[in-house]
Amino acid sequence: MGAGAPMVLMVGPNAGEVERALRAGELVCPGCEGRLRPWGFASPRTVVLAGGAERRRPRRGRCRRGGGTHVLLPDVMLVRRAHGVEVIGAALHASAEGAGWRRVAAMLGVAATTVRGWVRRWAERAERLRAHFTRLAVWLDATLAPIGPRASPSADALEAVAAAAVAAGRRWSAMPLWRFAAAASGGRLLCNTGSPFPAPWTAGSVPARDCHHELGGWNGRRAPP
Ligand SMILES: [Zn+2]
């Protein structure tokens, strides 16, 4: 994936709530912060989630200001990945604990080459992921204790994701670790792309009070009334 990495809006997994918020003009463009209005659907795809394979057809919204269209991606999914983020996260954890990718693959019932691909991509991106989630953790909780080094850059990155998730849980409300990671990376956790992760700290120094939870990532915050 190159410069054309799609800018998606991460939303919660409840399609009914997403639909309501989209129609009510509560969802904000990830590019320019204009409000989104309903704009058809993205192409249907099968995604392997923790509970099994599901057919999904994510909603699309069109920015009222800039005119661009954006896929509303549930935070159980990642951009251009056929497996849900919780499946991928389980593989990354097992791998960081020393399990070989063949064993991880057998454990999860996923093709070994697929697991190897996730583990390698995570390792390639480890420093960038560590830096992003560490910065996010500190932004969410300035009193956060320094994150200690682990056995490898990949493990360091996992540790930073966990620290940020804890900080987010303290500031807002707890949500599952890997759904948080999907939302906080704009769905691009494993994308090989130069497009930046959402950087909420650039918009202002204080995290909005009603960020996230029902409606996904930092670029999914509700527009002010
Ligand atoms: Zn826009």
Run the dipole for the stretch 85-192 about the Cα centre, Lys and Arg Cβ at +1, Asp and Glu Cβ at -1, nothing else charged, and hand back the magnitude in debye, nearest 20. 220 debye
Size of the dipole of the chain about the Cα centre, Lys and Arg at +1 and Asp and Glu at -1 on the beta carbon, nothing else charged, in debye to 20? 720 debye
Kindly express, to the nearest 10 degrees and within the range 0 to 90, the angle between helix 112-124's C-alpha long axis and the longest C-alpha principal axis of the chain. 80 degrees
Starting with the fewest neighbours, write out SER43, SER195 ranked by other beta-carbon atoms found within 10 Å of each beta-carbon. SER43, SER195
So what is the relative contact order of the chain, in percent, for Cα pairs below 8 Å that sit 6 or more residues apart? 25 percent
Counting other beta carbons within 10 Å of each residue's own, what order do ARG150, ARG102 fall into, fewest first? ARG102, ARG150
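Only the coordinates and a few stated rules stand behind these numbers; no lab work does. Small disclaimer: the values here were computed from a predicted structure and weren't measured. When we count neighbours, we look across all protein chains shown, and the Cβ atoms used for this are built from the backbone with ideal geometry, even at glycine.
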